[in-house]
Amino acid sequence: MLPKPPAREPSLNFLYIEPYRIIGSSVAGEATTIMVPELDVCFDLGSCPRSMLPCKWACITHGHMDHVGGLAYWCSQRNFLGMGRGNIICPAAIAPAIQKMMEGYIDLERQKTPFKIHPLEPEGMIQIKPNVFVRAIPLEHTVPTCGYTVIERRSKLKPEYVGLPQDKLTELKDRGTEITRFLEIPLVAYIFDTAPGAALLREDVRKAQIVLTECTFFEPEDKERAKIGMHLHVSDLVEWLRVCECKAMVIGHVSRRTNLAIAKSNLVKSLGREKADRVFFLQDGKVNRERYERQLMDAGEHPLQQKGVAGTGGRSGGFRGRPPREGGGDRVSSRSVPPRA
């Protein structure tokens, strides 16, 4: 009698929320890793799928193994493939432990894998791209934990100097007058493994274009479990969404025992269709794939349209290429940016 074949490893999940791709996987207690290629950053490395390797920056929230287990492999493989040093952003409180872990792997492998740890205190910031910064946000969890916001800083002329001729502005600047101010545009907020608290109501979180967050518990009887484990319950999510101004909220860290259809139905009942339509479940692969197919159709870039099988559709913007697959799937280049509408 032939044995059963091994279980198939699930492919990475994919969402295109203009102008960013959200790629990764997040299952409570197993592994969380999510990347935004356009920003050259991945958040947490509980595992290390091949698609995560091109990201130059890894933001680690805390030291639990399902969020840090693939970190050393990420650094090693980047070095092996000639991609350069891995840059690890982490809470300052756990930086010494990460240093010790990485040094242990160097001793084990008998090779010096390059890496650099960038410890951040709460509210600390580091530049990851021109005019783009990562800020550490203190979260409430069972161990020292930080979330992150990715922020674009834009220089803008102060209102009192708007309309002045260029020579006058140059004169003021030469005299040492500060004629510009910086605006902070929150792009992506990453809030994983936390109890509900002040971090959810921060302006750089509420107003982020995309919020990536956990929601571990969905059953009414699990509220106490959420408190003990210091995780978010769906009731916390409902309250948060009433004040959150994000274009999209992507939920991860869902338990395998959660029925996504029921969870989504309950969200619609609690929030109403308009607010619930902004919410996406990272692990909802079938729905996310169908959504991406519609985006391709709307952009006139679906393979069937290219072959002339279907109508041409409008060119309203979209992502050229295929969602990545784990293992032998496509490698995602951080330089490949989807066209804007």
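Here, each number is a calculation from the coordinates, and none is a lab measurement. All figures in this text were calculated on a predicted structure; none of them were measured in a lab. Here the Cβ is made from the backbone with ideal geometry for all residues, glycine too, and neighbour counts use every protein chain on show.
For the reader, a short list of remarks on this structure follows.
- For the chain: relative contact order, % (alpha-carbon pairs under 8 angstrom, 6 or more apart): 17
- Applying 1/(1 + (r/R0)^6) with r as the Cβ-Cβ distance of Tyr161 and Leu2 and R0 = 56 angstrom yields a FRET efficiency of 0.10.
- Helix runs (DSSP H) in the chain reaching 18 Å along axis by Cα, Kyte-Doolittle at least -1.0: 95-109
- Linear extension gain, Phe80 paired with Phe133, 0.36 nm per residue minus alpha-carbon span: 16.3 nm
- Trypsin sites (Lys or Arg not before Pro) restricted to segment 179-231 and DSSP loop, no more than 11 other C-beta within 10 Å: none
- Counting only Cβ charges, +1 for Lys and Arg and -1 for Asp and Glu, the dipole size of segment 84-242 around its Cα centre is about 660 debye.
- Evaluated with a Cβ-only charge set (Lys, Arg +1; Asp, Glu -1), the chain carries a dipole of roughly 980 debye about its Cα centre, given to the nearest 20.
- Percent of beta bridges antiparallel (DSSP, segment 13-281, rounded to nearest 5): 55
- By the Cβ-Cβ criterion of under 4.7 Å, the unpaired cysteines of the chain are Cys48, Cys59, Cys75, Cys90, Cys146, Cys215, Cys244, Cys246.
- Net length gained if the chain between Lys223 and Met101 were fully extended (0.36 nm per residue, minus Cα distance): 40.5 nm
- Segment 13-281 shape via C-alpha gyration tensor axes, a/c threshold 1.5: oblate
- Overall form of segment 186-284 per C-alpha gyration tensor (a/c, 1.5; a/b vs b/c): oblate
- Only one residue of Ala199, Val162, His64 has its Cα farthest out toward the positive end of the dipole of the chain, where Lys and Arg carry +1 and Asp and Glu -1 on Cβ, and that residue is Val162.
- Taking a ≥ b ≥ c as the square roots of the eigenvalues of the Cα gyration tensor, segment 16-141 is rounded, since a/c falls below 1.5.
- Alpha-carbon centroid distance for the pair segment 85-122 / segment 143-217, whole angstrom: 28
- Cut-off of 10 Å, at most 10 other beta carbons, DSSP loop: longest stretch of the chain lacking such GluC sites (Glu not before Pro): 179-341
- For trypsin sites (Lys or Arg not before Pro), the sites in segment 85-145 that DSSP calls loop and that have at most 12 other Cβ atoms within 10 Å are Arg110, Lys112.
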